Amino acid sequence: MTALEEANLRRYYDQRAPEYEQIYLPRDQQHACELGELSRELREALRARHVLEVACGTGYWTACAAGVALRVTATDASLAMLAEAREKPLPANVELLARDAYDLHDLPSDFDGGLATFWLSHVPRARLRAFLDGFHARLVAGAVVYLADNVYVPGVGGELLPADRAGDTYKVRRLTDGGRHRVLKNYFSTEELRTVLAPGTSELAVRAESGSGRRATAPPWSAERHGGAARSAGTERCGSPPRTSTFPPSSRQTSTSLRMPNRLAR
Ligand SMILES: C[S@@+](CC[C@H](N)C(=O)[O-])C[C@H]1O[C@@H](n2cnc3c(N)ncnc32)[C@H](O)[C@@H]1O
């Protein structure tokens, strides 16, 4: 992914900002259920934490985290997305900051919670390690990180273009003004996610869901945890039970869990 393509991604979100939250209007029962599951898991993971959120967008999940966290420092590179977030009646424990997810060095390094929803799929494969290292560098040992992302369902969320030489894939997205955007969108397999998230992770659980009847491939919804037990997914009311994998503790006492619901496909 070139600097130009990264700039394209930001411009896309700048332009999408006013219409972005349409994706959170429940489309059907399964979609509503998955949104509820994410909300519940996120709140469970980040309760009473001092949270660093990257790529917070319009602050939809920021608001959710803020309801249970001690404090949320929510960051995004798009001023337009942040402006949407500022329109929300976010509680006083939320701080919104313009930051590049790859350059978090000037933030404190005492967060014991991390949050990144629907961001990892926008990270070029070649930058995954650097992003995670930079993110983790802001966290204390024993922190909990909750990540969530989209599952790939053919035909949903625009045409998926073939991988480039770096192995990154792109989607063609249309906005309501008719504008077409070529947007980096990687769908990592469960194994890839385990591999990339395992370093420095004490426990890692990957949860995939394909209960809506639509075909899902290489999907991520994830919760990552630094220290302590990984969260188990509560999918009892929403499709098939999660598959959970736990990895042995490492020196950094980190754990990760991933869940992949189906109706949040993009
Ligand atoms: C799919 S949206 C996710 C927003 C929000 N987390 C959510 O779940 O609704 C991806 C976000 O990544 C942001 N973004 C794009 N490039 C970024 C970068 N280099 N650093 C930080 N944020 C970036 C976009 O502005 C956008 O808000």
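The values are calculated or read from the model by the stated rules, or taken from the named source; none is laboratory data. Because the structure is a prediction, the values reported are computed rather than measured. Note that we place each Cβ from the backbone using ideal geometry, even for glycine, and neighbour counts take in every protein chain shown.
Miscellaneous remarks
- Counting only strands (runs of 3 or more DSSP E) wholly contained in the range 92-196, the ones carrying 1 or more residues that are more than 15 Å from the chain's Cα centre (by Cα), under 27 Å from Ala66 (Cβ atoms) and away from the ligand (no atom under 11 Å from the Cβ) occupy 94-98, 111-117, 139-148.
- For beta carbons closer than 9 Å, sequence separation of 6+ or different chains, a first residue in the range 103-128 that is farther than 18 Å from Ala7 by Cα and without any contact (Cβ under 8 Å) to a residue 40 or more places away in the chain and a second that is away from the ligand (no atom under 12 Å from the Cβ) and in a loop (DSSP other than H, G, I, E, B), the qualifying pairs are His105/Ala137; His105/Arg138; Pro108/Arg138; Ser109/Ala137; Ser109/Arg138.
- Hits in the range 26-59 (condition: over 23 Å from His136 (Cα atoms), assigned to a helix (DSSP H, G or I) and not basic (Lys, Arg)): Gln29, Gln30, His31, Ala32, Cys33, Glu34, Leu35, Gly36, Glu37
- Looking only at the range 1-21, residues that are modelled with pLDDT of 90 or more, out of contact with any strand residue (DSSP E or B) (no Cβ under 7 Å at 6 or more places or on another chain) and within 11 Å of the ligand (Cβ to nearest atom) come to 9 in all.
Table: residues versus (1) within 21 Å of Asn150 (Cβ to Cβ); (2) in contact (Cβ under 8 Å) with a residue 12 or more places away in the chain; (3) surrounded by 18 or more Cβ atoms within 10 Å (Cβ to Cβ).
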site	(1), (2), (3)
Leu4	no, no, no
Asp14	yes, yes, no
Ala32	yes, no, no
Leu35	yes, yes, yes
Leu46	yes, yes, yes
Gly59	yes, yes, yes
Ala65	yes, yes, yes
Glu84	yes, yes, yes
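- Among the conditions (1) touching a helix residue (DSSP H, G or I) at 6+ places or on another chain (Cβ under 6 Å); (2) under 22 Å from Ala7 (Cβ atoms); (3) not small (Gly, Ala, Ser), Leu79 misses just one, which is (1).
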